[in-house]
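Since the structure comes first, as structure tokens, the remarks are kept for the end.
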Amino acid sequence: MRRALVLLGVVWLAACGPAEVEYKETRYVFGTLVEFIIRGVDEGKAKRAVAAVDRDFQRMHKDWHAWKPGGELVALNETLAKGESRTVSDFVLPLLEQGQAFEAKSGGLFNPAIGAVVNAWGFHADELPKGALPDFDEIRALAAKQPSMADVKIEGNRVSSTNTAVRFDFGGFAKGVALDMAASKLKALGIEHAIVNAGGDLNTIGDAGKRLWTVGIRDPRDWGVIASVELMGGENLYTSGNYERFREADGIRYAHIIDPRTGMAVDHTVSASVIHENGALADAAATALIVAGPDDWADVARAMDITYAMLVDKQGTVYATPEMLARVKFETSKELTIVESGG
Ligand code: AMP
Ligand code: MG
């Protein structure tokens, strides 16, 4: 929560000029504060737009949830586990289609079909489990069934899977899909300048008042930001943090981002940040780059058509594409080892 407030503060300071009228509202959804800053329209219109987007967010939270009963995705997972097919709503379909495309682009490192593995680690819970670790052989056996979006057949709205081990978990990019939809809705409602910021993952529209939006990139090593960057309207920033959710045993941390090839928790990389006009792609890519790690991230970024990417490994070394390095301003107070690669 404190981290979110620091980040929101960065955006706010940068966006607030003396003569500007800005509407600012914060909602709570997806387990985080979502801040809206809307410029250029009267307060009533801005308020109605935020309320409309928030209604969509609440539905997404329910129907896209990987494990809380009552939503569409949970029902779909139960159906596919039985080897049966199910008709899904237009609300869930884009996640399946984009999930399929992004998994293919990432060479399988972003894989939203590994919900059973994520669940076996205990990450399908509000409170993370303490105590004994799950049986690693069982987890490896689940991964060995190779659940993949490539197993999923989509015919119109009818969905089936040739692999009963497929369990959807869209946690790796649902925020991106949600914020893309939010930006589209705001534009459709006549908003030309806005930022929607979900704890540092954000989409932008237009500008911050004769200047670009200046936003913070979360620092995985301590509170606050590691760098700031200016975004043109339509550019979106996503940071995936392997420090955000984890369980601990015998002094070892097992984090929530999983290598789909082994089922094991990734430990070499703590965060990845991506800027792209497609928020869903940026979100999926940030997760994939964490799995790829220092050796492979640049190749995976290229395969996913990502130009602006940055990675922090567990030693705290920062890796970035030359294009990203040209844009970011690192916090001068922080000692950093920075390696330029990829691009
Ligand atoms: P993010 O914070 O965007 O990196 O998303 C992390 C979440 O994505 C995890 O909590 C899991 O629900 C899910 N996840 C974990 N590993 C993967 C993976 N390799 N591909 C896709 N989703 C994943
Ligand atoms: Mg992600």
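The values are calculated or read from the model by the stated rules, or taken from the named source; none is laboratory data. Source: prediction; values computed, not measured. Methodologically, a virtual Cβ is constructed for each residue, glycine included, from the backbone with ideal geometry; neighbour enumeration extends over all protein chains shown.
Pick from segment 282-335 the residues that are assigned to a strand (DSSP E or B) and within 16 Å of ligand 2 (Cβ to nearest atom): which of them is surrounded by the most Cβ atoms within 10 Å (Cβ to Cβ)? Spell out how you get there, then give the answer.
So in segment 282-335, the residues assigned to a strand (DSSP E or B) come out as 308-313, 318-320, 329-330.
Checking which are within 16 Å of ligand 2 (Cβ to nearest atom) leaves us with 308-312.
Working: Tyr308: 23, Ala309: 28, Met310: 28, Leu311: 31, Val312: 28.
It comes out as Leu311.
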### Query
Are any of the residues in segment 17-30 modelled with pLDDT under 95, more than 18 Å from the chain's Cα centre (by Cα), buried (at least 17 other Cβ atoms within 10 Å of the Cβ) and not aliphatic (A, V, I, L, M)?
yes
### Task
Consider Val118 carefully, then state whether it is within 13 Å of ligand 1 (Cβ to nearest atom), outside any loop (DSSP other than H, G, I, E, B) and out of contact with any Gly (no Cβ under 7 Å at 6 or more places or on another chain).
yes
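Condition first: over 30 Å from Lys145 (Cβ atoms), assigned to a loop (DSSP other than H, G, I, E, B), touching a residue at least 12 places away in the same chain (Cβ under 8 Å) and outside the structural domain of Trp121 (by TED's automatic domain parsing). Can you find one or more residues in segment 249-272 that meet it?
no
For Lys153, indicate whether it is of a type in the set (D, E, K, R) and not in a strand (DSSP E or B). Lay out the reasoning, then the answer.
Details: of a type in the set (D, E, K, R): yes; not in a strand (DSSP E or B): no.
For Lys153, the condition - of a type in the set (D, E, K, R) and not in a strand (DSSP E or B) - is not met.
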### Summary
Taking segment 234-255 and the residues there that are under 12 Å from Val270 (Cα atoms) and within 11 Å of ligand 2 (Cβ to nearest atom), the one that is surrounded by the most Cβ atoms within 10 Å (Cβ to Cβ) would be Ser240
## Note on the structure
Note on segment 87-115: residues farther than 28 Å from Ile306 by Cβ and outside any loop (DSSP other than H, G, I, E, B) are Thr87
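Identify, from the list Lys62, Lys105, Lys68, the residue that is of a type in the set (Lys, Arg), within 20 Å of the chain's Cα centre (by Cα) and within 16 Å of ligand 2 (Cβ to nearest atom). Step through it out loud before you land on a result.
Values: Lys62 fails: within 16 Å of ligand 2 (Cβ to nearest atom); Lys68 fails: within 16 Å of ligand 2 (Cβ to nearest atom).
Exactly one residue qualifies, and that residue is Lys105.
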